[in-house]
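Since every read-out is calculated from the coordinates, none of them should be taken as a lab result. This structure is a prediction, so every number in the text was calculated from the model and none was measured. Counting neighbours? That spans all protein chains shown, and the Cβs are built from the backbone with ideal geometry, glycine included.
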Amino acid sequence: MRTWLPLVIVVSLITLGLWFVESPSQPLLGKRPTQQQHNKAPDLVIRDARTRHYGVEGTLAYQVDADRITFFQFARRDRAELTEPRMMFYQGEDSRWRTESRTGTAINNGQRVILKGKVVVSEMPQPGITLRTDEIVLKPRDEFAETDKVVTISDGVNRTTGKGMRADLKQDKVEILANVESRYETH
């Protein structure tokens with residue numbers, strides 16, 4: 001029995017040492033993370049994400065692909081940070097609009113999506129109109145987009161630039177709000 005006692009003590013000490021090394025220091029010291037620290041911690045991280053969203057009639061409404069989605073759950077709402085998001089909006093079986101940007105933030109289960117950094121919204125199939133801006137707010141379920149930033153809309157060689165925009169993607173209606181300048185080339 002005495003020959004096993006030193007071995008049991010050594011294994012117990014190693015186990016206890018590993019537990020202290022691997023355990024976070026706050027619980028061991030009796031400290032809890034602050035609410036701010038807790039809010040910074042993601043609940044889920046997904047790489048090479050692909051999501052599909054369906055309308056009430058069961059048809060594909062839009063899809064979101066991203067290099068990474070970092071999801072945060074809060075008491076009253078959720079937020080997802082998107083890296084290199086790409087969204088495709090459908091009408092029936094056909095894709096109608098495609099968006100891409102450097103980053104995005106989806107709020108309240110995607111009810112509102114803010115795209116930032118070289119945002120491009122393209123009408124499908126190409127060639128069609130292409131909209132470019134630095135930031136845009138999407139309401140994917142309503143197929144509505146708006147921004148207060150400078151927007152450039154191009155259709156081939158024709159260009160329209162202005163500040164602020166509202167777009168009803170379902171109705172294919174785009175409204176530039178201020179400082180509108182257009183350049184058209186006749187053939």
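The figures follow:
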item	result
Mean separation of Cα contacts under 8 Å, 6 or more apart, over the residue count of the range 34-183: relative contact order %	13 percent
T59-F74 pseudo-label distance in nm [points 7 Å out on the Cα-to-Cβ vector]	3.6 nm
Within-11-Å neighbourhood charge of I129 [Cβ basis; K, R +1; D, E -1]	-1
